[in-house]
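Data block below; observations after.
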Amino acid sequence: MSARSAVHGVFDLAVVGAGIVGLSCAHAAALKGLRVIVIDRDAQANGASVRNFGLVVVAGQERGAAWNRARRSHAIWQQVAQEAGLPILQRGLWVTTRRSEALPLFEAFVRTEMGVGCEILSRAAAQARCRELVGTEVQAVLVSADSVRVESREAIPKIAAWLEQRFGVQFLRQTAVMSVELPLLETSRGVVHAGAAVVCPGDDFSGLYASRIAGYNLTRCKLQMLRLASPGFALPGALMSDLGLLRYAGYSALPEAAPLRARLEAEQREHLEHGIHLIVVQNADRTLIVGDSHHYAATPDPFANERVDQLILEEFAAATGRPAPVVLERWMGTYASAADRSMFIDAPAPDVRLVMVTSGSGASTGFALGAEVIADLFGGSAA
Ligand SMILES: Cc1cc2nc3c(=O)[nH]c(=O)nc-3n(C[C@H](O)[C@H](O)[C@H](O)COP(=O)(O)OP(=O)(O)OC[C@H]3O[C@@H](n4cnc5c(N)ncnc54)[C@H](O)[C@@H]3O)c2cc1C
């Protein structure tokens, strides 16, 4: 039998893409007792899902469906982490502000349904919890409890291994899927038989279902990321600054965001032009993952701009009141982006779904999305 005609078995579901979205679909299907195969062209996860902060964030997600998905995903992440032996490295999110204009926004946010589990700390109260982190310029902190952080570089391979061992999900790596004509998937290493397929291609717009993807007017977003040496203390949670209040729609869509926006446009125009907002998360060895920036293009250039890194590090210093530790690593990531939606589920054929997260929120919403897709294909509830 030639490699192309080799048959890899018969499955209820074939998932294309082993990033967090594909793994989430495989997980939901495995929970139903379905026979699942996951196919990915890379030898190991290499896309957005391992380049990100690993921050599963609820507070700040767009009000409505995205926020609800993040809440459900947050709950599933905790179950998966426990069962797969995956350490949760941080819990909680601190959004610090250095501007008085953010205070009415904090208060307005806490009054909405999205404020559940959130509290506003004065500078003194925040300092009492973490003296090292709260610089002299910080005026207040919005703390939300419902955020968890994993180290994606370890978590994504570990979830795949757990799905394999616990549920018998099969993984076919270094294998590109060229076409889906159910019950057959034509791959670079032979044919797979499956009753249904979910395609989760990340930011590959020109492979499977390229003409349908073209209808969504997508572009790509490029982000610069840094790993810094340990600051010598443990953060009380993931950290953001004022810029995050404009970046995350759950805050920025509230009318009370307008005065803060005007002030940041006057004071931090260069940061905003590069789409910079500050996220800081911490690893078990206390090193920090710090980012990020947002540049949009059909094919983003592969070059990391040093000025962008400087601006990110300046924001770190301003938000924490301490100089940024030495840079240990730099990398870039890209994700699919749409101006008018944070995700979509398309149905190019009756038993096929095309699933793309078109915002930087796949780690936060993926598990809920996977449950919805599998409920849609196989019936039952996504809850
Ligand atoms: C720098 C950065 C930071 C981020 N931070 C966060 C964060 O903290 N929190 C958060 O919620 N989100 C974050 N995001 C967004 C999040 O990482 C993405 O939304 C998510 O990872 C997308 O997952 P995915 O599975 O769709 O894509 P990917 O992880 O890119 O996986 C897609 C996979 O599909 C495979 N593939 C594609 N086509 C084929 C084919 N034809 N055949 C075989 N294989 C194929 C690829 O090889 C790839 O492995 C961040 C993103 C980046 C880049």
Between Phe171 and residues 5 or more places away or on another chain, the pairs with built amide H atoms under 5 Å apart involve Val38
Check which residues have an amide H placed less than 5 Å from Gln282's amide H, if you skip close sequence neighbours.
Ile289
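Computed from the mean reciprocal separation of all distinct C-alpha pairs, what Kirkwood hydrodynamic radius does segment 122-214 have, in Å? Walk me through the intermediate numbers first.
Values: mean 1/r = 0.0552 Å⁻¹.
About 18.1 Å, per the Kirkwood formula over Cα pairs.
Can you classify segment 227-286 as rounded, prolate or oblate using the Cα gyration tensor, where a ≥ b ≥ c are the square roots of its eigenvalues, rounded means a/c under 1.5, and otherwise it's prolate if a/b beats b/c and oblate if not?
Details: a/c = 3.10, a/b = 2.01, b/c = 1.54.
Judged from the Cα gyration tensor, segment 227-286 comes out prolate (a/c at least 1.5, a/b above b/c).
Normalise the Cα radius of gyration of segment 63-133 by 2.2 N^0.38 Å (N = residues in it) and let me know the number.
Values: Rg = 15.3 Å, N = 71, 2.2 N^0.38 = 11.1 Å.
Ratio of Cα Rg to 2.2 N^0.38 Å: 1.38.
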How do Tyr251, Tyr335 stack up against each other in accessible area, from largest to smallest, with a 1.4 angstrom probe?
Tyr335, Tyr251
Degrees, to the nearest 10: 102-111 long Cα axis against longest axis of the chain
50 degrees
Just report the Cα centroid separation between segment 172-205 and segment 14-75, whole Å.
18 Å
For segment 278-322, what is the convex hull volume of the alpha-carbon atoms per residue, in Å³?
99 Å³
Cα-based Debye curve of segment 25-92 sampled at q = 0.23, 0.27 Å⁻¹ gives log₁₀ I(q)/I(0) of -1.28, -1.26
Rounded to the nearest whole Å², what accessible area per residue is found for segment 219-315 with the 1.4 Å probe?
37 Å²
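Using a 1.4 Å probe, what is the accessible area per residue for segment 88-195, in Å²? Don't skip to the end; give the middle numbers.
Details: 4670 Å² over 108 residues.
That works out to 43 Å² per residue.
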For Glu181, put the label point 7 Å out on the Cα→Cβ axis and report which residues of segment 193-208 keep their amide N under 15 Å from it.
193-194
Could you work out the per residue convex hull volume over the alpha carbons of segment 178-280, in cubic angstrom?
223 Å³
Need the C-alpha centroid separation for segment 312-377 versus segment 212-256, integer Å.
9 Å
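According to the Cα gyration tensor, what semi-axes, each the square root of 5 times an eigenvalue, does the equivalent ellipsoid of segment 198-340 have, listed from largest to smallest in whole Å? Please list the in-between numbers first.
On the way: eigenvalues 161, 84, 41 Å².
For segment 198-340, the semi-axes come out at 28, 20, 14 Å.
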Taking amide H positions as placed 1.01 Å from N in the peptide plane, with prolines and chain starts having none, which residues 5 or more places from Val199, or on another chain, fall under 5 Å of its amide H?
Val16, Arg353, Leu354, Val355
Show log10 I(q)/I(0) for segment 281-383 at q = 0.11, 0.14, 0.18 Å⁻¹, two decimals, from a solvent-free Debye sum over equal Cα scatterers.
-0.54, -0.77, -0.99
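Return a whole-number percent for the relative contact order of the chain, with Cα pairs under 8 Å and 6 or more residues apart as the contact set. Intermediate values should be presented prior to the final figure.
Numbers: 839 pairs, mean separation 102.7, N = 383.
Computed over the chain, the figure is 27 percent.
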With N set to the number of residues, divide the alpha-carbon radius of gyration of the chain by 2.2 N^0.38 Å and report two decimals.
1.00
Provide the per-residue ³J(HN,Hα) series for segment 139-146, in order, calculated from phi with Karplus coefficients 6.51, -1.76, 1.60 and θ = phi - 60°, each as a whole number of Hz, with x at glycine and proline positions.
9, 6, 9, 9, 9, 10, 7, 8
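With the Cα gyration tensor of segment 1-124 giving a ≥ b ≥ c as the square roots of its eigenvalues, does the rule (a/c under 1.5 for rounded; else a/b larger than b/c for prolate; else oblate) give rounded, prolate or oblate? Each step should come with its number before you reach the end.
On the way: a/c = 3.03, a/b = 2.62, b/c = 1.16.
Here segment 1-124 falls in the prolate category.
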Nitroxide proxy distance, nm - points 7 Å out along Cα→Cβ at Arg91 and Ala339
4.2 nm
If I ignore ligands, DNA and RNA and count only protein heavy atoms, how much of His295 is accessible to a 1.4 Å probe, in Å² to the nearest 10?
50 Å²
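What order do you get for 173-180, 198-205, 278-285 when each peptide is scored by the mean count of other beta carbon atoms within 10 Å, highest first? Can you show the working numbers first?
Values: 173-180: 16.8, 198-205: 24.1, 278-285: 20.0.
Highest to lowest by the protection proxy: 198-205, 278-285, 173-180.
Roughly to the nearest percent, how much of the accessible area of segment 178-233 is carbon and sulfur, given a 1.4 Å probe?
On the way: 1090 of 2140 Å².
Exposed carbon and sulfur together represent 51 percent of the surface.
With a 1.4 Å probe and all protein chains left in place, how much of the accessible area of segment 268-383 comes from carbon and sulfur atoms, in whole percent? Mind dumping the intermediate values first?
On the way: 2470 of 4630 Å².
Its accessible area is 53 percent carbon and sulfur atoms.
So what is the 222 nm mean residue ellipticity for the chain from helices alone, if each DSSP H run of at least 4 adds -39500 (n - 2.57) and you divide by all residues, rounding to the nearest 500 deg cm²/dmol? Please report the intermediate quantities before stating the final value.
Working: 13 runs with 131 residues, N = 383.
That calculation yields -10000 deg cm²/dmol at 222 nm.
The values are calculated or read from the model by the stated rules, or taken from the named source; none is laboratory data. It should be emphasised that the depicted structure is a prediction, and the values quoted were computed from it without experimental measurement. Note that each Cβ is placed from the backbone with ideal geometry, even for glycine, and that neighbours are counted across all protein chains shown. Please note that ligands, DNA and RNA were not included when accessible areas were found on the heavy atoms of the full protein model with its side chains. Shrake-Rupley method; radii C 1.70, N 1.55, O 1.52, S 1.80 Å.
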